[in-house]
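These notes are about the structure you will find just below.
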Amino acid sequence: GENVEQHPSTLSVQEGDSAVIKCTYSDSASNYFPWYKQELGKRPQLIIDIRSNVGEKKDQRIAVTLNKTAKHFSLHITETQPEDSAVYFCAAIPNQAGTALIFGKGTTLSVSS
Amino acid sequence: DVKVTQSSRYLVKRTGEKVFLECVQDMDHENMFWYRQDPGLGLRLIYFSYDVKMKEKGDIPEGYSVSREKKERFSLILESASTNQTSMYLCASRAPGGGSGPGYTFGSGTRLTVV
């Protein structure tokens, strides 16, 4: 089955800096890669996703890149703000009916002002 | 917006009790999921269901079972609760579309403590 590795487990940056979180996956059949943000005490929320026929996707200050050959994808946050502080999860799912998202272990991002 | 509702926010149960965690979604989604979330371990898949009365084991099904008698409701059952099942339990649902498609919508979670 799918296995998703996520690094780093914790990341501390200064406000205004960029943050990068990296994930690798094992199942070459995976073709959908979402990222979730979970603020303290709240449910995970989808912030951006990418499909395998796309190499990069951007939404304002966040972007995701995908390298299918190397089986890794990354989340990039530019001009970080204190409200970006949260736990971020990457996930992957194969293109088959009856499958489920497999998540990485999460990255705790702390943005200090 | 899709609403995924978990019946209890906090729950305290005794070792050996049978525990039911309920999840209801209001958007006619076929796919529903149960994860547990532990610090440093992320979200781990317990069971999921892609149709009424259908269920599939996830990565950590031991000690759990599920029930999906109606499309909108997916229940997680701890047959005999143990202290190592103390955790945050998250339910999620997803619209149909095969393996890819829109992301999940999560419930608010149930923090279960087994004493």
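The values are calculated or read from the model by the stated rules, or taken from the named source; none is laboratory data. The shown structure was predicted, so the numbers you read here are calculated from the model rather than taken from an experiment. Here Cβ is always computed from backbone atoms with ideal geometry, including for glycine, and neighbour counts include all displayed protein chains. Surface accessibility is based on the protein's heavy atoms, side chains included, excluding ligands, DNA and RNA. Shrake-Rupley method; radii C 1.70, N 1.55, O 1.52, S 1.80 Å.
Some points to look at:
- Mean projection of the Cα convex hull over all viewing directions, computed for the stretch B:31-85: 3.9 nm².
- Probe 1.4 Å - accessible area at B:Asp26, Å² to nearest ten: 90
- Springs join every pair of Cα atoms under 10 Å in this Gaussian network model of chain A, and among A:Ser12, A:Ser74, A:Ser85 the largest mean-square fluctuation is at A:Ser12.
- Mean per-residue shielding of peptide A:37-47 is 4, counting Cβ atoms of other chains within 10 Å of each Cβ.
- Over the stretch A:60-100 - Rg/Rh using Cα atoms and the Kirkwood inverse-distance radius: 1.07
- In the stretch B:1-101, taking the dipole from charged Cβ atoms about the Cα centre, the farthest positive-side position among B:Val66, B:Met32, B:Asn84 is held by B:Asn84.
- For the protein assembly as shown, convex hull of alpha carbons as volume per residue, Å³: 115
- Scanning residues 5 or more positions from A:Ala91 or on other chains, those with amide H under 5 Å from its amide H are A:Gly104, with H placed 1.01 Å from N in the peptide plane.
- The stretch B:7-22 - phi-based ³J(HN,Hα) in whole Hz, Karplus 6.51/-1.76/1.60, Gly and Pro as x: 5, 10, 8, 10, 8, 10, 10, 8, 3, x, 6, 8, 10, 10, 10, 9
- Its Cα gyration tensor gives chain B an equivalent ellipsoid. The semi-axes, each the square root of 5 times an eigenvalue, are 23, 14, 13 Å from largest down.
- Across chain A, counting alpha-carbon atoms alone, Rg and Dmax equal 13.6, 45 Å.
- Legend: mean number of C-beta atoms from other chains within 10 angstrom of residue C-beta atoms, peptide B:30-42, equals 3.
- For residues of A:81-90, the mean tally of beta carbons on other chains within 10 Å: 1
- Chain B, dipole about Cα centre (Lys/Arg Cβ +1, Asp/Glu Cβ -1), debye to the nearest 20: 260
- Area of B:Met27 that stays accessible when all protein chains are in place (1.4 Å probe, Å², to 10): 100
- Computed with a 1.4 Å probe on the full set of protein chains, the accessible area for A:Thr99 sits at about 20 Å².
- 14 Å beta-carbon shell around A:Lys71, net charge (K/R +1, D/E -1): -1
- For B:Tyr47, distant residues with modelled amide H under 5 Å away: B:Trp34, B:Gly58
- Members of A:Lys22/A:Lys58; A:Lys37/A:Lys105; A:Lys37/B:Lys3; A:Lys42/B:Lys71; B:Lys3/B:Lys70; A:Lys42/B:Lys3 lying beyond 21 Å, as alpha-carbon distances in this model show: A:Lys42/B:Lys71
- Residues A:His76, A:His7, B:His29, sorted by accessible area with the largest first, give A:His7, A:His76, B:His29 [1.4 Å probe; ligands and nucleic acids excluded].
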